[in-house]
Amino acid sequence: MVKLLSVDEIENLSIEEIWKLYAEYVNPAQVEILSKFSWGRDRFERAEGMYLYTTDGRQIMDFTGGIGVLDHGHNHPRILAARKAYQDKKRMEIHKVIFSPYLAALCHNIAQLLPGDLNKSFFPNSGAEAVEGALKLAYKASFKSADDKRDYILFSDIAFHGKLIGTGTISGKPQKHFDFPRMENTDWFEYGNLESVKKKVAELRRADGSSNVYAIIIEPFHASTATPCSAEFLYGLRELCDNEGIGLIFDEVYSGWGKTGSLFYFMRHEGLLPDVVTMSKSFGGGKSSISAYTARDGIFERAYGPTDSALIHTSTYNGFGEECATALEAIQIIVDEDHPAKARALGEIIVPKLEELMAKYPKQIKERRGAGAFNSIILNSPFKAAEGFLKSVPIGMIKDKTSFLNKMTTAAVVEEMYREHNILAHILDNRDVVMLGVCPSLIAEREHVEHFIASLDKVLEKGLAKVVSGFAARTFKNMIV
Ligand SMILES: Cc1ncc(COP(=O)(O)O)c(C=O)c1O
């Protein structure tokens, strides 16, 4: 008789039993990596608002913002109620051959909140799928005729658009990473540099002088490095795309829905419109795995307007009922509670406090970046302290020693914040830069920020050399050869 585990049974599994399941059935290396950190050795049982609760009764302040997913905090009561009501009423999920009022209302509401004629939405389940959907739409819309099709996508050198074959291809310069076959006909420009985009568009011109680029994709606020594009760059990009007939895609999967201080980052710039915008993360209210791409009427009509093209981009789970109902409530909360204003107010608390810390620890904090409630600091690695240790680490695991040291410094601080202060913080790692995220859920209050800053102050006061070497000794003691 096959023995299957039930949800009830797993309630009481110890962390060691969960590691064992991961090692045997999920991914052994994940256990190797995560169990090195204190949070990987704790068993979590529930989460509410700003807090996670462990089975041994500890309360941990979650200051990660859930990698962008948790603007509403954990288990927002209105989100839970919306899902419960949906279930209690036995509403339907599948809508392929019948019309879904939830999906229709969600498309309607997004159109009301976005500027211009950004009116047509499609709902996949991940950010990467939203990006791929947007690219397909831009490609199809660029067709002049069956034998006049454009070939190229341009993306930025620091981009992160996801980990599928397509989105992985257009995430950062090719020489940096991505150990997989790459999609053809993509090229990169320098983030925020209009001349670099123009140069690439010119290089890719066809013999008759027409453009061979069908889409340019950019994150107007680049979350994983907390870097914004300038207004001049974004308006310039819009003009270039208009002149060349190129579809302009803004990827706001991370930056969307308020956390940078405007509903979408691009909306702080009067009159600026992409042809397609992608979104996800807090769109699902922290409960629903839903993403979206929203297109302007004209480009949508050219791509999927004809009835023979109407259904060529779909997926099994797109626009599932309960996911849409959850997103409807998530957006309603964003509007009712004015998330962009909350993000700006949080930023006004966070930024001066980070600046005070920078003035106090000029050698330890190199830089601060961010917008609204989405901020980060870059720490200086206490290189000397780690150098000796580094030589003794098996060489295979370190591809880039500088990046490894930066990562280790940030990881050591985050570990110390957790161990000593019961705070879970976020490491933002983009390969180009490693940062300590200061990007809480938008339900955070002044007291949460003050607790975070006071704890970070204590960790820095200890000295990074001490914090990093302590972390290295504890973490890698069994690996030193
Ligand atoms: C800007 C951006 N685009 C796309 C993605 C991919 O989203 P997902 O991980 O849901 O596929 C991410 C993920 O963090 C992102 O930050």
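Please verify whether Ile98 is within 14 Å of Gly284 (Cα to Cα) and more than 16 Å from the ligand (Cβ to nearest atom), treating the condition exactly as stated.
no
Inside segment 28-50, can you point out the residues that are among the acidic types (Asp, Glu) and either under 19 Å from Ile10 (Cβ atoms) or touching a residue at least 40 places away in the same chain (Cβ under 8 Å) (or both)?
Asp42, Glu45 - these are the residues of segment 28-50 that are among the acidic types (Asp, Glu) and either under 19 Å from Ile10 (Cβ atoms) or touching a residue at least 40 places away in the same chain (Cβ under 8 Å) (or both).
Do we find a residue being surrounded by 24 or more Cβ atoms within 10 Å (Cβ to Cβ) and over 22 Å from the mean Cα position of the chain (by Cα) anywhere in segment 236-243? Explain how you work it out, then say what you get.
First pass over segment 236-243, keeping only residues surrounded by 24 or more Cβ atoms within 10 Å (Cβ to Cβ): 237.
Now restrict to residues that are over 22 Å from the mean Cα position of the chain (by Cα): 237.
Within segment 236-243, one or more residues are surrounded by 24 or more Cβ atoms within 10 Å (Cβ to Cβ) and over 22 Å from the mean Cα position of the chain (by Cα).
Could we say that Gly258 is crowded, with 23+ Cβ neighbours inside 10 Å, on the phi > 0 side of the Ramachandran plot and in contact with a Ser or Thr (Cβ under 7 Å, 6 or more places away or on another chain) here?
no
For segment 118-128, enumerate the residues that are in contact with a Gly (Cβ under 8 Å, 6 or more places away or on another chain) and either surrounded by fewer than 20 Cβ atoms within 10 Å (Cβ to Cβ) or not in a loop (DSSP other than H, G, I, E, B) (or both).
Scanning segment 118-128 gives Phe122, Ser126, Gly127, Ala128.
Using the structure shown, decide if Ile158 is within 16 Å of the ligand (Cβ to nearest atom), touching a Phe, Trp or Tyr at 6+ places or on another chain (Cβ under 9 Å), under 30 Å from Glu270 (Cβ atoms) and in a strand (DSSP E or B).
So Ile158 does not fit the description; no.
Is it the case that segment 272-283 has a residue that's away from the ligand (no atom under 12 Å from the Cβ), part of a strand (DSSP E or B) and buried (at least 22 other Cβ atoms within 10 Å of the Cβ)?
yes
Surrounded by 13 or more Cβ atoms within 10 Å (Cβ to Cβ), touching an Asp or Glu at 6+ places or on another chain (Cβ under 6 Å) and either at pLDDT below 95 or of a type in the set (Val, Ile, Thr) (or both): which single residue out of Ile79, Ile110, Ile153 fits that description?
When all the criteria are applied, what remains is Ile79.
Residue by residue, here is whether (1) touching a strand residue (DSSP E or B) at 6+ places or on another chain (Cβ under 9 Å); (2) surrounded by 24 or more Cβ atoms within 10 Å (Cβ to Cβ) holds:
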site: Val414; (1), (2): yes, yes
site: Ile427; (1), (2): yes, no
site: Pro440; (1), (2): yes, yes
site: Val449; (1), (2): yes, no
site: Asp457; (1), (2): no, no
site: Gly463; (1), (2): no, no
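Quick one: which residue in Gly192, Gly168, Gly209 is touching a Cys at 6+ places or on another chain (Cβ under 7 Å) and either in contact (Cβ under 8 Å) with a residue 60 or more places away in the chain or among the small types (Gly, Ala, Ser) (or both)?
Values: Gly168 fails: touching a Cys at 6+ places or on another chain (Cβ under 7 Å); Gly209 fails: touching a Cys at 6+ places or on another chain (Cβ under 7 Å).
Exactly one residue qualifies, and that residue is Gly192.
Can you find a residue in segment 340-363 that is within 16 Å of the ligand (Cβ to nearest atom) and in contact with an Asp or Glu (Cβ under 8 Å, 6 or more places away or on another chain)? Walk me through how you get there before you give the answer.
Initial filter on segment 340-363 (within 16 Å of the ligand (Cβ to nearest atom)): none.
No, every residue in segment 340-363 fails to be within 16 Å of the ligand (Cβ to nearest atom) and in contact with an Asp or Glu (Cβ under 8 Å, 6 or more places away or on another chain).
Can you run down the residue pairs with Cβ atoms below 7 Å, 6 or more apart or on separate chains, where the first is in segment 51-63 and in contact (Cβ under 8 Å) with a residue 24 or more places away in the chain and the partner is in a loop (DSSP other than H, G, I, E, B)?
From residues that are in contact (Cβ under 8 Å) with a residue 24 or more places away in the chain, the pairs are Arg58/Asn422; Gln59/Asn422; Ile60/Asn422; Met61/Met50; Met61/Asn422; Asp62/Met50; Phe63/Ala425; Phe63/Pro440.
For Ala454, indicate whether it is closer than 30 Å to Phe178 by Cα and in a helix (DSSP H, G or I).
Here the answer is no, as Ala454 does not meet what is asked.
Take the conditions modelled with pLDDT of 95 or more, within 23 Å of Ser288 (Cβ to Cβ) and either away from the ligand (no atom under 16 Å from the Cβ) or surrounded by 23 or more Cβ atoms within 10 Å (Cβ to Cβ) (or both) and apply them to Ala138. Does it pass?
Details: modelled with pLDDT of 95 or more: yes; within 23 Å of Ser288 (Cβ to Cβ): no; either away from the ligand (no atom under 16 Å from the Cβ) or surrounded by 23 or more Cβ atoms within 10 Å (Cβ to Cβ) (or both): yes.
Spelling it out, it is not the case that Ala138 is modelled with pLDDT of 95 or more, within 23 Å of Ser288 (Cβ to Cβ) and either away from the ligand (no atom under 16 Å from the Cβ) or surrounded by 23 or more Cβ atoms within 10 Å (Cβ to Cβ) (or both).
Looking at segment 49-71 only, could you name the residues that are within 14 Å of the ligand (Cβ to nearest atom) and among the hydroxyl-bearing types (Ser, Thr, Tyr)?
Selection gives Thr64 alone.
Filter segment 325-352 for residues that are of a type outside the set (A, V, I, L, M, F, W, C), under 22 Å from Phe221 (Cβ atoms) and surrounded by fewer than 20 Cβ atoms within 10 Å (Cβ to Cβ) and give the result.
Glu337, Asp338, Arg344, Glu348, Pro352, listed by residue number.
Which one is nearest to the ligand (Cβ to nearest atom), of the residues in segment 255-271 that are among the polar types (S, T, N, Q) and touching a strand residue (DSSP E or B) at 6+ places or on another chain (Cβ under 8 Å)?
Looking at the filtered set, the residue picked out is Ser255.
Would you check if Lys360 is more than 28 Å from Ser255 (Cβ to Cβ), at pLDDT 60 or above and not hydroxyl-bearing (Ser, Thr, Tyr)?
Criteria met by Lys360.
From the list Glu329, Glu355, which one is in the same structural domain as Ser121 (by TED's automatic domain parsing), acidic (Asp, Glu) and closer than 27 Å to His448 by Cα?
So the residue among Glu329, Glu355 that is in the same structural domain as Ser121 (by TED's automatic domain parsing), acidic (Asp, Glu) and closer than 27 Å to His448 by Cα is Glu329.
For segment 293-300, indicate whether the set of residues that are crowded, with 24+ Cβ neighbours inside 10 Å and closer than 19 Å to Gly162 by Cα is non-empty.
Yes: segment 293-300 contains one or more residues that are crowded, with 24+ Cβ neighbours inside 10 Å and closer than 19 Å to Gly162 by Cα.
Give the residue that is nearest to the ligand (Cβ to nearest atom), with candidates limited to residues of segment 141-155 that are part of a strand (DSSP E or B) and among the aliphatic types (A, V, I, L, M). Let's see the steps before the verdict.
Narrowing segment 141-155 to residues part of a strand (DSSP E or B): 145, 148, 152-155.
Next, from what is left, pick out any that are among the aliphatic types (A, V, I, L, M): 153-154.
Values: Ile153: 14, Leu154: 16 Å.
Only one residue fits best here, namely Ile153.
The values are calculated or read from the model by the stated rules, or taken from the named source; none is laboratory data. What you see is a predicted model, and the numbers here were worked out from it, not measured in a lab. Because the Cβ atoms are built from the backbone with ideal geometry, glycine has one as well, and the counts that use them run over all protein chains shown.
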